Amino acid sequence: MADVKQILGDLNKDSFVALMKKVIGESKYVQNNPPDLIPEEDRIVNHVLDILNPYSTKNGGPLVINHIAYTPNRGNLIVEYPGTDPKKVVSFVGMHMDVVPANPDQWEFDPFSLGVDGDKLKGRGTTDCLGHVALVTELMKRLAETKIKLKSTVIAIFIASEENASIQGIGVEALDTDGWFDNLKEGPLFWIDTADKQPCIGTGGVIPWKLEVTGKGFHSGLPNKAINALELGMEALKEMQTRFYRDFPPHPKEQVYKFEAPSTMKPTQWFYPGGGNNQIPGECTISGDVRLTPFYNVSDVIKKLQEYVDDLNANIEQLDTRGPVSKYVLPDENIRGSMSISFDEPYSGVACDLNSLGYKVLSKATQEVVGYVEPYSITGSLPLIRDLQDRGYDVQTTGYGIMDTYHADNEYCLLFDMSQGYQVFASIIAQLED
């Protein structure tokens, strides 16, 4: 094991920072917020290929490189360093090449160029997830440079998108459907898309929902002739949340896995057609999500939410009202307020196997490099990994950015942390050789 770690050495910081300058410089063009912002992940792919192509099999090197694109300008990159034993594989997956949007007016520095402030590397994507793209690129480059003889094949999969990947049909789910994940089952799969240098042993499922509320609009001076869609939506949502927390309370296993929060249901967006202050709206839409710990079933929750809405529609007279003329039924006009709920594609959460080989080598490597092991869980979501786990893959998750800056303004990571991430990867590879 010592020989492998010695050969792989430490992160080449100058090379890493140089690559970071290039990929963070593209972050403006890989923001993901359809339909307004469509990322062009091939901008990132091209920089990674500039580093790795000289070591590809096409150029006499050891790296097998596949650039897979299902949509123009939105490619994925699969890089393989072959080992000698076809039954031994270790994979580093999940380094996505899109970023969440950034508003420069709200930042203290330019989000779309790399700022270097001592050990701080600042800019959109440094923590999530372009920093990991650059980190794993440096790992694969070092493997190719040294031509180290390994039993295990080392595979890196850089994915086009995390958010809406399956809906858009361009990212990790599409790769899985096409069989690119099939041979990863032979060994631990490390999903590199979390933070704080520790094993993330649990993630949440997510159920995006939309509640459409219909009432009757009217002049604000005659509220007795209206069904206020805003009031109906607020009261209905309050009742739905009350029932949700009754039916899906904190689960005992959440303490075992150190979840920071239990399952939650909450609104995050509110829309209505507009109008003046003197108009009572007759319709509105509330959108939000459920974040679900992996000890509950996503389909059970969707079924319950639909049942809540059906019951509220049937018994809308029993909902609390707001004031002496507030109401949700107008009998003389034969009008009833109503709601409908719909769902975007859900993800299921995952509870990693704490007895697996993958967790053991990650835990040992973290202890060895960072000096302590404090696994944690969050109800943030990651695509595909629950499905992979259900199919028998040894899925583990970790990352080396800063959780406090994840998706935040003024995002940054630390060069020291990324350097330790490189050492963790080297330790994992070395342990698996034994």
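A quarter of the convex hull surface defined by the alpha-carbon atoms of the stretch 189-297 gives 9.6 nm² as the mean projection.
Take every Cα pair under 8 Å whose residues are at least 6 apart in sequence, average their separation, divide by the length of the chain, and the relative contact order is 23 percent. If you average 1/r over every pair of different alpha-carbon atoms in the stretch 189-248 and take one over that average, what Kirkwood value in Å do you get? Every distinct Cα pair counted, the radius reaches 15.8 Å. DSSP finds beta bridges in the chain, and of those with both partners inside it, around 70 percent are antiparallel. Applying a threshold of 32 Å to the alpha-carbon distances of K28/K147; K197/K304; K28/K266; K5/K87; K22/K87; K21/K253 flags K28/K147; K197/K304; K22/K87; K21/K253 as lying beyond it.
Computed over protein heavy atoms with a 1.4 Å probe, the accessible surface of the stretch 251-320 works out to 56 Å² per residue. Rolling a 1.4 Å probe over the heavy atoms of the protein chains gives the stretch 1-133 an accessible area of 44 Å² per residue.
Once you order the gyration tensor axes a ≥ b ≥ c over the Cα atoms, which shape class does the stretch 391-434 get: rounded for a/c under 1.5, otherwise prolate or oblate by comparing a/b with b/c? Verdict is oblate for the stretch 391-434.
Once the 1.4 Å probe is applied to the protein heavy atoms, the stretch 330-376 comes out at 53 Å² accessible per residue. Divide the volume of the convex hull around the Cα atoms of the stretch 208-358 by the residue count and you get 128 Å³ per residue.
Using a 1.4 Å probe on the protein heavy atoms, what percent of the accessible area of the stretch 1-147 belongs to carbon and sulfur? Within the stretch 1-147, the accessible surface is 45 percent carbon and sulfur. Here the stretch 332-387 has 43 percent of its accessible surface on carbon and sulfur atoms, given a 1.4 Å probe and all protein chains in place.
Farthest towards the positive end of the charge dipole of the stretch 370-412, among the residues G401, V370, I385, is the Cα of I385, using unit charges on the Cβ of Lys, Arg, Asp and Glu.
Estimated from helical segments only, the mean residue ellipticity of the chain at 222 nm is -9500 deg cm²/dmol, where each DSSP H run of four or more residues counts as -39500 (n - 2.57).
Taking every Cα-Cα distance in the stretch 312-434 and sorting them into 10 Å bins starting at zero, the pair-distance distribution P(r) comes out as 10, 25, 23, 11, 12, 12, 7, 1, 0 percent. Just so you know, the Cα atoms of the stretch 21-74 work out to an Rg and Dmax of 13.3, 42 Å. What is the sum of charges, Lys and Arg at +1 and Asp and Glu at -1, for the other residues whose Cβ falls under 15 Å from the Cβ of C284? Spelling it out: positives minus negatives among the neighbours equals 0.
Per residue, the average separation of C-alpha pairs within less than 8 Å and at least 6 apart gives the stretch 44-99 a relative contact order of 24 percent. Taking every C-alpha pair closer than 8 Å and separated by at least 6 residues, the mean separation divided by the residue count of the stretch 78-237 gives a relative contact order of 32 percent. Cα centroid separation, the stretch 347-422 to the stretch 266-290: 37 Å.
How charged is the neighbourhood of F109? Take every other residue with its Cβ under 15 Å from the Cβ of F109, and add Lys/Arg as +1 and Asp/Glu as -1. Charge balance in the 15 Å sphere: -1. For the stretch 351-434, a simple Cβ point-charge model (Lys and Arg +1, Asp and Glu -1, everything else neutral) yields a dipole of about 180 debye relative to the Cα centre. With the cut-off at under 15 Å, measuring from each backbone N in the stretch 119-151 to a point 7 Å along the Cα-to-Cβ line of V64 picks out 150-151.
For I68, the amide hydrogen comes within under 5 Å of the amide hydrogens of N76, L77, I78, counting only partners 5 or more places away or on other chains and with H modelled in the peptide plane. Between K147 and E368, the FRET efficiency estimated from the beta carbon spacing at R0 = 30 angstrom works out to 0.75.
Net length available on complete extension from A408 to Q106 is 107.7 nm, with 0.36 nm assigned per residue and the Cα-Cα distance removed.
Annotation: extensible slack from Q6 through D332 equals 109.0 nm (criterion: 0.36 nm per residue apart, minus Cα-Cα distance). Over the stretch 321-381, what per residue volume does the convex hull of the Cα atoms give, in whole Å³? Hull volume over Cα atoms, normalised by residue count, gives 176 Å³.
Whole-percent P(r), the stretch 263-327, all Cα pairs, 10 Å bins from 0: 15, 34, 36, 13, 2.
From the P(r) of the stretch 62-113, can you give the percent of Cα pairs sitting at distances over 14 Å? When every Cα pair of the stretch 62-113 is considered, 71 percent fall beyond 14 Å. Size of the dipole of the chain about the Cα centre, Lys and Arg at +1 and Asp and Glu at -1 on the beta carbon, nothing else charged, in debye to 20? Roughly 480 debye for the chain.
The Cα atoms of the stretch 1-99 define a convex hull whose projected area, averaged across directions, is 8.2 nm². Projecting the Cα atoms of N103, G421, C200 onto the dipole axis of the chain, where Lys and Arg carry +1 and Asp and Glu carry -1 at the beta carbon, places G421 farthest toward the positive end.
What would the Debye equation give as log₁₀ I(q)/I(0) for the chain at q = 0.09, 0.10 Å⁻¹, counting only Cα atoms as equal point scatterers? So the normalised log intensities work out to -0.63, -0.74. Sorted from longest to shortest, the spans of the Cα atoms of the stretch 105-164 along the three principal axes equal 50, 35, 12 Å.
Taken along its three principal axes, the alpha carbon spread of the stretch 34-186 comes to 52, 40, 25 Å, from the longest extent down to the shortest. 3J(HN,Hα) along the stretch 346-356, derived from phi through the Karplus expression 6.51 cos²θ - 1.76 cosθ + 1.60 where θ = phi - 60°, amounts to x, 10, 9, x, 9, 10, 5, 6, 7, 10, 7 Hz, with x in place of Gly and Pro.
The values are calculated or read from the model by the stated rules, or taken from the named source; none is laboratory data. Keep in mind that what you see is a predicted model, and the values were worked out from it rather than measured. Don't worry about glycine lacking a Cβ; one is built from the backbone with ideal geometry, like all the others, and counts go over all protein chains shown. Please note that ligands, DNA and RNA were not included when accessible areas were found on the heavy atoms of the full protein model with its side chains. Shrake-Rupley method; radii C 1.70, N 1.55, O 1.52, S 1.80 Å.
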